[in-house]
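So the structure is just underneath, and the comments pick up after that.
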Amino acid sequence: MFPARFRYEAPHSLDEAISLLRDGGDYVKVLAGGQSLVPMMKLRFATPDMLVDINDVPGLAYHRTDPDGTLRIGALCRHADLEFSSLLPGTQPTMAAAAPLVADPLVRNRGTLVGSLCHADPQGDWASVMLALGGSVIAQGPAGRRAIPLAEFVTGPFENTLGHDEIAVEAVVPKALGTRAGGYLKLERRVGDFATVGTAVAIETSGGTVVRAGIALTGVGGSTIAATDAAAALAGKPLSADSIAEAAELAASAAQPKTDHRGTAEYKRHLVRVFVSRILGGSLSSTTGSSTTGSSATGAAAERAA
Amino acid sequence: MTTTADESRALDEIKIGGLGSSRKRVEDDRFIRGKGNYVDDVVLPGMLHMEILRSPLAHARIKSIDASKAWALPGVRLVLTGEMMATRNLAWMPTLSYDTQAVLATDKVRFQGQEVACVIADDPYIAKDACELIEVDYEPLPPIMNPWQGLAEDAPVIRDDKVNQADNVVYNWEVGDKAGTDRAFEQADVISKMELHYPRSHPSPIECCGSVADFNRATQKLTVYLTSQAPHIVRAAVAMVAELPEHMIRIVSPDIGGGFGNKVPIYPGYVCSILASILLECPVKWIEDKTGNLISTGFARDVYLKGEMALRKDGKILGVRMHTDADHGAFFSDAQPSKFKIGLMHSAFAAYDVPAAHLTARGVYTNKAPGGVAYRCSFRVTEAMFFQERMVQAAADDLGMDQAAFRRMNFVRDDDFPHRTPFGFLTDSGQYAKCLEVGLKAIDYENFRKEQAEARKRGRLLGLGISTMTEPLGAGNSREYDILGIKMFDSAELKVHMTGKAILRTGAKTQGQGHETTWAQIVAHELGIPADDVVVEEGDTDTAPFGMGTYASRSTPVAGAAVAMVSRKIRAKARKLAAHLLEVSEEDIEWELGRFYVRSAPGRGVTIQECAMAAYSNMPDGMEPGLENTAYYDPPNLTWPFAVYIVTVEVDPETGVWDVLRMVAVDDCGVRINPMIVEGQIMGGLTEAYAMASMQFITFDADGNCVGSNYMDYLLPSAWETPGYELHSEVVTPCPHHPIGAKGIGECAAVGGPAAFVNAVMDAISETGVRNIDMPVLPDRVWEALTYRRDVSGAPPIRQD
Ligand SMILES: Cc1cc2nc3c(=O)[nH]c(=O)nc-3n(C[C@H](O)[C@H](O)[C@H](O)COP(=O)(O)OP(=O)(O)OC[C@H]3O[C@@H](n4cnc5c(N)ncnc54)[C@H](O)[C@@H]3O)c2cc1C
C-alpha cells in the first residue's frame, strides 16, 4: 500500500506547528498517533499535501487531575496511558471501562484520546465517553486558546469544529458533582474491532440522588449520539429499577442504527437497551456507589459462567 | 539370531531427532531472527515495480481504456492493458479446471477487484500514481452475487465470452447410487433435512502473493521468484501458456509466509510480471497488497447444501441424499487435482456405515472472484465434513437420540476395513468409536449434560457440539488425480556426503509446515543419520526433483513417503558397502538404527557414516561411487486420518454472544513424526475452524462490493478470542500403506472443527426449534434465531439499509 506524495514536517513547538497549519496550504493534517490517519492515507482515502507531526512537541503527553478533580488529557496521551493509569480507577469508572476496549493493544500504544475525538469516527469509543461525561476540547490556534464542549466539537461523521489552523491540545473532563458511577459496554466482533454498538453511561450521585447523568452511543448513527432524554430520566432522583428501565428504553429510541454487515438495526437498538440496563444495574447493585462495568460483550457469557 | 537388548548398539531414535522426537523447528531460527527470505526480500539490480489497476465494479462492460496520462508520468516504463495482452494471446489463460480466466480484462469486468491494467515503473509509488491516471469507461451491468440470481431466467450471462455458454451454469455432476438411495428413502421411518450455506472464506496468508520475474535476454533464461506452493506446476504452466522452453524457466519459491491453498493457482499478476520482464528486459517485481489478495485471489467454500438422511427408528442411517450448489465466481478456476467437478465433496459420510448415497452438484458462475482453492483441506472436504456433521446432529435430534450414541451406532467398525464408502472411496483403517470415547471422557460428557439441564432451568444456555471427520489426503493416486495431466506423485532426492552429512530435496514446498525439520526426522528414522546432519531444501525447480507441491495435506503422505523410500534406497546401497567393509556377504548383514553388523557377531559392525565414507573412498569393485539417490512415490491410495472434536459453549440469551467453554480434540493421524509440530498444526487448524464458525467470511452487498476486503472486516481471531484447546494423541492407527504409517494432519482440525462449534451453539439454543444458523455464527444471527425462532441465512448479498 503506497500513499500519495505528501510533505512531512515535525515541529518542536506548538507555535511552530500552528504556523505550519496556518501557512501550509489547503490540505494540511495534524499527525498524532497516526492510527486513523495513516490507514486512511495508505488506502488513499486521505491524500493530504502536508502532515504536521506533533509527536516531537514537548509537554503534551500528560494526563492529570487538578486539585478540584478536573481531569486533563494532553494531545499526546496514548490510549495505553489511560488503560494503565492509576488516576482513573475509582474516580473515572466510565473512562476506566472504555480504555481497554479501544482498538487492540498495539493501536493503544500509539493512538491518542484527543486524536480519536478529532477524528470523529461515529464508531470511535472516546467521543461517547467524553460526551457522557460532559467533556470538552481545548483548541489552540494563532488567536490563542478556546474550550469547545464535546457536544459542539463533533458535528458529523469525521467532522469537527476546529479551525484549519487550530490544534486540539487537551481534552477536559469536568470535576464530578458527586460520586461517579457508570461504565462502558461494547459489542465487538473481535478484539481490535470497531463497535457494533458501544454505550457510555456516566452518572454522579450525591446523597442517594443522581445529580448528573450522561449517556452516549457509539456506532448507532451518523455520528456519536448523546442520549439526552435517557440521561434526563435518571437525573434528580435515586437510581431505581424503574428509572433504569426508562433510561434504557429512551436510549434505545435515541439510537439511529442502520442494518449492515455488523447486524440489523433492530439488533443494535436492542443492544443499546441491554447495555444501558446492564451498566446501570451494576451501579444499582454495587454497594460502594462507584462501580465499573466494562467489558466487551464478547466474553460476558464466559464471565458469568466462571 | 538377532541381537538381544543388551547387545544392541542401535542409536536412541529420539536423541538423534528421529520419529517421535519433538525436535525444535530448524527453520524458526532464521524466522525469529528476521532472517527469512521472502519474495519481497528479493532485490535485483535494475528492478522495476509493477502495480495492478483493479475493477471497482463487479460487472461492467469496458467501453474504453485511456492510459495516455499514465504513460506520460515520469518514471513509468510500461502500461499493460488487456488489448495489449491479446496481441500476444495472453489476455486469457487456461485454468486448472479446464476453463479460461482473464489475465487483464478486455471485454468486460466480471468481479470487483478484477485485473484491468498494470503499470511498471521505477518505484511502487509511481506505479500506484500512474494506475490512478488510467481512465476506464465502464458501462455497469447487473451484478450476480449468488447462484440463485445467476440461475434466474432473466440473469445476464456472465461468460458471454464463451461460445455455447447460454446461461450461468458451470456444470451439473453426480455421483453415487440414485436408485439404491431412492429405495432407502422409501423405507425410511424418519427423513431428516438440512439446508445451509458454507460461506465464502479466504485462506488469507499473512504474506500476500507476489513475484519477481527476471528475463535475461543474453542467456534466454527466465527466473521467477514467486509465492507458490507448487513451483514445478508453475514451471509447467509457464512453459505451456507462455510457450517458453521449459529448461529455460527457473521457478524459485523462497520462504513462503503461509499458503493454506491460496498459493496454488497461477494469478494474472505473475503472468503480467513475466511478460513485462520479457518486454523490458529487466527484473520486474509485483507484490500484491492485502486488499488485492482478499478480493481477487483464490477463495474457498461458498457452497449451498440441500441434505437429506433416511433413518430407521432405532437410529440406523439407511441413506443419504445431497445436492450442492457451488458459487464459483466469474471463472471456473478451482485449483484442484481430482477428476471430480465438486472435488472430494463425496468424501462425506466416509466414516459412517451408510448403505446408499447419492450426490448431485451444480456449479454456477457469479460476479465474484474466481479461483476456488482448498483452504486448508483436500478439495471440498471441509464442506463435506461440515455438511455431514450438521446433518448428523440434526438427524440425531430428529430421532430424539443422544448425539454420541447416534454416531457410535453408525460408525464404520474397526474390523470393517478396508471399507468402501457410499460414494466409492476405499478407506483403510481407523478406530472411530475409540476416538469418540476418548473425547467424551475428556469433556466429561454425562456430567456436562446434567450441568446443561440444571443451567437451563436458571435461564443459562449451555451447549455441546460433536464433530467427527475423516479426510482423504494425499491427492493422490495417479488413476484419479492429476494437474494439467501430470500425475500426483511426489519426489525426494537424498545426497549423503562422504562425512555422513546429507542434503535432502523434495518436490514439495513448505509454507509453515516445518518440512525442513520433519523430513530430516524421516531420514534419521530410516538411516540413523542424526536429523541435525540433514539439510532440507525445497522450492527451486533448477535443483529440486520434480514434484507436485504442498497442499491437501499431501506432503507427508506423498513427499514424506518418497523421503522414506529414497532413504531405503540409500540404505540398500549402504548395506552393500557394509558387507564389503565387514568382509561378509550381504545376507549376513543386519541393520539396527545407525549401524550394520554381522549377524553372527553383533559386535562387528559399521556405522552408516562409515558406509558413506566408503561410498566415496573404498567402494567394492564394480560399484558406482557415491551415495545419492532419488525416489518418486505414487501413493497406492489416499490416507484417511480421523478426528473427533467436542466443544462446549455458553450463549448469552440477551445478546446472542457465545463463548467457548472447552474444546477437546482427539486426532488419530497415524504415526506422528514430530509430535510438537503435529500439535501446532492441530491448534492452527482449530483456530481457523473457530474463525470460520465465529467471524471470518467474505461477503458482498447487492451492488457487488466485497465486504471483507481488509483486515478490519475480514476478521481473523486474535489470541484474545481464540479458545484454549485440549489435545489428545492416545489413539494411533498407522496407515497400512504408507511407508512409515503416517496419515497427514495439516488440515484435519480446520476441516472437522467448524461443525463442532456450530453444533454446540445450535445445541445451546435447541429449545427454539431452530435448525440452522449459517456460519459465521455472529451474535446478531444467534439473537435473531433466539428472538424469532427461525433459521438464519448468511447467504449474500448482505442485508443493508
Ligand atoms: C486496527 C485498528 C483498530 C481500531 N479500533 C478502534 C476502536 O475499537 N475504537 C476506537 O475508538 N478507535 C479505534 N481505532 C482508532 C484509534 O483509536 C485511533 O488511535 C484514533 O481514532 C485516532 O487517534 P490518533 O492519535 O491515532 O490520531 P491520528 O491518526 O494521528 O489522527 C486522526 C485524525 O485526527 C486529527 N488529529 C489528531 N490529533 C489532532 C490534534 N491534536 N489536533 C487536531 N487534529 C488532530 C488528524 O489530523 C487526523 O485527521 C482503531 C485503529 C486501528 C488501526
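The values are calculated or read from the model by the stated rules, or taken from the named source; none is laboratory data. Note that the coordinates shown come from a computational prediction; the quantities given were computed from them, not determined experimentally. Every residue, glycine as well, gets a Cβ built from its backbone with ideal geometry; the counts of neighbours run over all protein chains shown. For accessibility, only protein heavy atoms count, side chains too; no ligands or nucleic acids. Shrake-Rupley method; radii C 1.70, N 1.55, O 1.52, S 1.80 Å.
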Which pairs have Cβ atoms under 9 Å, sit 6 or more apart or on different chains, and link a residue in the range A:207-219 that is touching a residue at least 40 places away in the same chain (Cβ under 8 Å) to one that is open to solvent by less than 10 Å² (accessible area, probe 1.4 Å) and of a type in the set (Lys, Arg)?
A:Thr218/A:Lys186; A:Gly219/A:Lys186; A:Gly219/A:Lys268
So B:Met84, is it without any contact (Cβ under 8 Å) to a residue 60 or more places away in the chain and surrounded by fewer than 23 Cβ atoms within 10 Å (Cβ to Cβ)
yes
Pick from the range B:771-801 the residues that are in contact with a helix residue (DSSP H, G or I) (Cβ under 7 Å, 6 or more places away or on another chain) and among the basic types (Lys, Arg): which of them is nearest to the other protein chains (Cβ to nearest Cβ)?
B:Arg789
Being acidic (Asp, Glu) and open to solvent by 10 Å² or more (accessible area, probe 1.4 Å) narrows B:Asp327, B:Asp255 down to just B:Asp255
Could you give every pair whose Cβ atoms fall below 6 Å, whose first residue belongs to the range B:125-144 and is within 14 Å of chain A (Cβ to nearest Cβ), and whose second residue is part of a helix (DSSP H, G or I), counting only separations of at least 6 or pairs across chains?
B:Ala130/B:Ala70; B:Leu133/B:Lys69; B:Leu133/B:Ala70
Among the candidates B:Ala475, B:Ala524, B:Ala492, B:Ala520, single out the residue that is of a type outside the set (Val, Ile, Thr) and part of a loop (DSSP other than H, G, I, E, B).
B:Ala475
Out of B:Gly685, B:Gly746, B:Gly680, which single residue is crowded, with 22+ Cβ neighbours inside 10 Å, under 17 Å from the mean Cα position of the chain (by Cα), at pLDDT 95 or above and away from chain A (no Cβ under 14 Å)?
B:Gly685
Filter result for the condition that a residue is touching a Lys or Arg at 6+ places or on another chain (Cβ under 7 Å) and either modelled with pLDDT of 95 or more or among the hydroxyl-bearing types (Ser, Thr, Tyr) (or both), over B:Ala631, B:Ala643:
B:Ala631
If we keep just the residues of the range A:122-151 that are surrounded by fewer than 16 Cβ atoms within 10 Å (Cβ to Cβ) and not basic (Lys, Arg), which is nearest to the chain's Cα centre (by Cα)?
A:Pro149
Restricting the range A:103-117 to residues that are within 14 Å of chain B (Cβ to nearest Cβ) and within 9 Å of the ligand (Cβ to nearest atom), which is nearest to A:His63 (Cα to Cα)?
A:Arg108
Among the listed residues B:Ile191, B:Ile206, which satisfies the condition of being closer than 27 Å to B:Gly259 by Cβ, open to solvent by 20 Å² or more (accessible area, probe 1.4 Å) and touching a residue at least 24 places away in the same chain (Cβ under 8 Å)?
B:Ile206
Select from the range B:370-424 the residues that are among the aromatic types (Phe, Trp, Tyr) and more than 20 Å from B:Thr648 (Cβ to Cβ) and list them in ascending order.
B:Tyr375, B:Phe379, B:Phe387, B:Phe411, B:Phe417, B:Phe423
Go through the range A:2-76 and tell me which strands (runs of 3 or more DSSP E), entirely inside it, have 1 or more residues that are among the acidic types (Asp, Glu) and either under 22 Å from A:Gly163 (Cα atoms) or out of contact with any Ser or Thr (no Cβ under 9 Å at 6 or more places or on another chain) (or both).
A:7-9, A:50-53
If we scan the range A:256-271, do we find a residue that is more than 30 Å from B:Ser718 (Cα to Cα), within 13 Å of another protein chain (Cβ to nearest Cβ) and touching a Gly at 6+ places or on another chain (Cβ under 9 Å)?
yes
Matching entry among A:Asp49, A:Asp81 (being among the charged types (D, E, K, R), closer than 30 Å to B:Glu288 by Cα and within 13 Å of the ligand (Cβ to nearest atom))
A:Asp49
I'd like to verify a number: residues in the range A:4-46 that are within 14 Å of another protein chain (Cβ to nearest Cβ), surrounded by 14 or more Cβ atoms within 10 Å (Cβ to Cβ) and either away from the ligand (no atom under 13 Å from the Cβ) or more than 28 Å from B:Glu51 (Cβ to Cβ) (or both), how many?
2
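To keep it simple, each residue is scored yes or no on (1) open to solvent by less than 10 Å² (accessible area, probe 1.4 Å); (2) in contact with a helix residue (DSSP H, G or I) (Cβ under 6 Å, 6 or more places away or on another chain).
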| site | (1), (2) |
| --- | --- |
| B:Glu471 | yes, yes |
| B:Gly485 | no, no |
| B:His515 | yes, no |
| B:Asp532 | no, no |
| B:Val536 | no, yes |
Which pairs turn up if I take residues in the range A:92-105 that are touching a residue at least 40 places away in the same chain (Cβ under 8 Å) and look for partners that are within 7 Å of the ligand (Cβ to nearest atom) and in a helix (DSSP H, G or I) with beta carbon separation below 6 Å, at least 6 apart in sequence or on another chain?
A:Ala98/A:Asp125
When you scan the range B:408-416, do you find a residue that is farther than 29 Å from B:Gly463 by Cβ, within 24 Å of the chain's Cα centre (by Cα), open to solvent by 10 Å² or more (accessible area, probe 1.4 Å) and not basic (Lys, Arg), even just one?
no
From the options B:Ala691, B:Ala719, B:Ala702, residue that is farther than 19 Å from A:Gln123 by Cβ, surrounded by fewer than 17 Cβ atoms within 10 Å (Cβ to Cβ) and within 11 Å of chain A (Cβ to nearest Cβ)
B:Ala719
